[in-house]
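Notes follow once the structure below has been shown.
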Amino acid sequence: MKKKVTVIGAGNVGATTAQRLAEKDLCDVVLIDIVEGVPQGKALDLTEAAPIEKHDSHIIGTNTYDDSANSDIVIITAGIPRKPGMSRDDLISTNAGIMKNVTEQVTKLSPDSILIIVSNPLDAMCQVAYEASGFPQNRVVGMAGVLDSARFRAFIAMELNVSVENTHAFVLGGHGDTMVPLPRYSTVAGIPITELMSQDRIDALVERTRKGGAEIVGLLTTSAYYAPASAAVEMAEAILKDKKKILPCAAYLQGEYGFNELFIGVPVKLGANGVEEIIEITLADDEKAALQKSADAVQELKTVLKNLDQ
Ligand code: APR
């Protein structure tokens, strides 16, 4: 039987995610949005592209949750995106309410699903979904590190004029300005970039990666969606195909890296059971300090969430 993935939010990220899932022929897709007509229209449009794109994924668009029952994966992109001048954190009060609401609805009908959270501020939204679902920690995971690492990889490839396929990069921490790109663990054909570029150039690429989201918002006046959708689909594919793929994702830590009860970006193994392992890599002192700073920023948002509840 075909796997089923529900995508909540049929806006830029959600619709592009649905498109990529279908075009990779990974699963059937249920696209949900509160706006009437939009998920139905986008699903029909995607269905009409299927004969040309050569896939047999069924795509349903709907404003209710009935068709999402028994999904294997639920990807949540519902919420408002950034406008120029806004940080991801500015979205917290609106998106926390939306995240709680959609998580409660979708998990009732798909109690065994794995949740991939995309809405921002990412680490805080993972926390909301985790609490609203009551799911175990391996079944709630956030999309951030794959996107941030892809941005870093793209910049490394541009800088060195090499194939993106030769690049690997790790970006840890929260999905915000304090994220922690790790040049030591970022390589081209296995060679650390620290041996291929001057420190100045590395610093410039790190800075561009940290501000990668804002760079796109500045150009588009809304947030990015092609790369975020690709990143969410890479995670979904790893789970659907039980690939045991090591990817940087927001995961719920319970002591790993010295953090407790906090979602933050770390390397995880993604397979059929979701987050099957959190991989602890050795960090240098400056990397540890940067991760601590990033965790502090996420912790602050957790406090904001608590205050919203009261
Ligand atoms: N239920 C379902 N859909 C909802 C709900 C809800 N309660 N509230 C809002 N939505 C839908 C909107 O109607 C809209 O179609 O979510 C969609 C969001 O789409 P866009 O506005 O195009 O935003 P997008 O760029 O897709 O970003 C969505 O992902 O990357 C993050 O920061 C980004 O938080 C933002 C989210």
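If you take every DSSP beta bridge fully contained in the chain, what fraction is antiparallel? Give it as a percent rounded to 5.
Roughly 50 percent of the DSSP beta bridges within the chain come out antiparallel.
Where Rh denotes the Kirkwood radius from the mean inverse Cα pair distance, what is Rg over Rh for region 90-175?
A ratio of 1.12.
Using +1 on the beta carbon of Lys and Arg, -1 on that of Asp and Glu, and nothing else charged, what's the dipole of the chain about the Cα centre, debye to 20?
It comes to approximately 140 debye.
Just need the Rg to Rh number for region 4-142, please, alpha carbons only, Kirkwood Rh.
Reported Rg/Rh (Cα atoms, Kirkwood Rh): 0.97.
Which of rounded, prolate, oblate describes region 145-309, given a ≥ b ≥ c as roots of the alpha-carbon gyration tensor eigenvalues and a/c under 1.5 marking rounded, otherwise prolate only if a/b is larger than b/c?
rounded
Classify region 1-73: rounded, prolate or oblate, from the alpha-carbon gyration tensor (a ≥ b ≥ c, eigenvalue square roots; a/c under 1.5 rounded; otherwise prolate if a/b is larger than b/c)?
Verdict is oblate for region 1-73.
Which order do Leu219, Leu26 take when ranked by solvent-accessible area (1.4 Å probe, heavy atoms of all protein chains), largest first?
The residues order as Leu219, Leu26, largest area first.
How are the alpha carbon pair distances in the chain distributed across 10 Å bins from zero to the largest one, expressed in percent?
Bin by bin from 0 Å, the calculated values are 6, 29, 36, 22, 6, 0.
Enumerate by residue number the GluC sites (Glu not before Pro) in region 17-97 meeting two conditions: DSSP loop (anything except H, G, I, E, B), and at most 15 other Cβ atoms within 10 Å of the site's Cβ.
Those that pass, being in a loop and sparsely packed, are Glu36.
At a probe size of 1.4 Å, how large is the accessible area of Lys100, to the nearest 10 Å²?
Using a 1.4 Å probe on the heavy atoms, I get roughly 100 Å².
Would you mind counting up the charge near Thr64? Only other residues with Cβ under 13 Å from its Cβ, with Lys and Arg at +1 and Asp and Glu at -1.
-3
Run the quick spin-label model on Ser230 and Ser87: label points 7 Å from Cα toward the beta carbon, then report their separation in nm to one decimal.
Label at Ser230, label at Ser87, 2.8 nm between them.
Hey, if you put +1 on the Cβ of every Lys and Arg and -1 on every Asp and Glu Cβ in region 4-142, which of Ser87, Gln19, Leu46 ends up farthest toward the positive end of that dipole?
After comparing all options, I get Ser87.
Return one whole number: the accessible area per residue of the chain in Å², for a 1.4 Å probe.
Per-residue accessible area for the chain comes out at 45 Å².
Count the lysine pairs in region 145-309 whose Cα atoms sit under 22 Å apart, keeping only pairs 8 or more residues apart in sequence or on different chains.
10
Suppose the chain between Lys241 and Asp112 were pulled fully straight at 0.36 nm per residue; how much longer would it get relative to their current alpha carbon spacing?
Between Lys241 and Asp112, full extension yields an extra 44.8 nm.
In a Gaussian network model over the chain where Cα atoms closer than 10 Å are linked, find which of Ala129, Ala227, Ala236 has the largest mean-square fluctuation.
Ala227
What does the charge add up to near Ala124, with Lys and Arg as +1, Asp and Glu as -1, over the other residues with Cβ less than 10 Å from its Cβ?
Once positives and negatives cancel, what remains is -1.
Where does the charge balance sit around Gly265 when Lys and Arg score +1, Asp and Glu -1, over other residues with C-beta under 10 Å from its C-beta?
Local charge sum for Gly265: -2.
Which order do the peptides 82-88, 211-217, 255-261, 119-125 take when ranked by the mean count of other beta-carbon atoms within 10 Å per residue, highest first?
Top of the packing list down: 119-125, 211-217, 82-88, 255-261.
Carbon-plus-sulfur fraction of the accessible area of region 145-309, 1.4 Å probe, in percent?
Carbon-and-sulfur percentage of accessible area, whole number: 50.
The values are calculated or read from the model by the stated rules, or taken from the named source; none is laboratory data. Quick caveat: nothing in here was measured; it's all calculated off a predicted structure. For neighbour counting, all protein chains shown are included, and Cβ atoms are generated from backbone atoms with ideal geometry for every residue, glycine included. Keep in mind that these areas ignore ligands, DNA and RNA; they rest on the heavy atoms of the full protein, side chains included. Shrake-Rupley method; radii C 1.70, N 1.55, O 1.52, S 1.80 Å.
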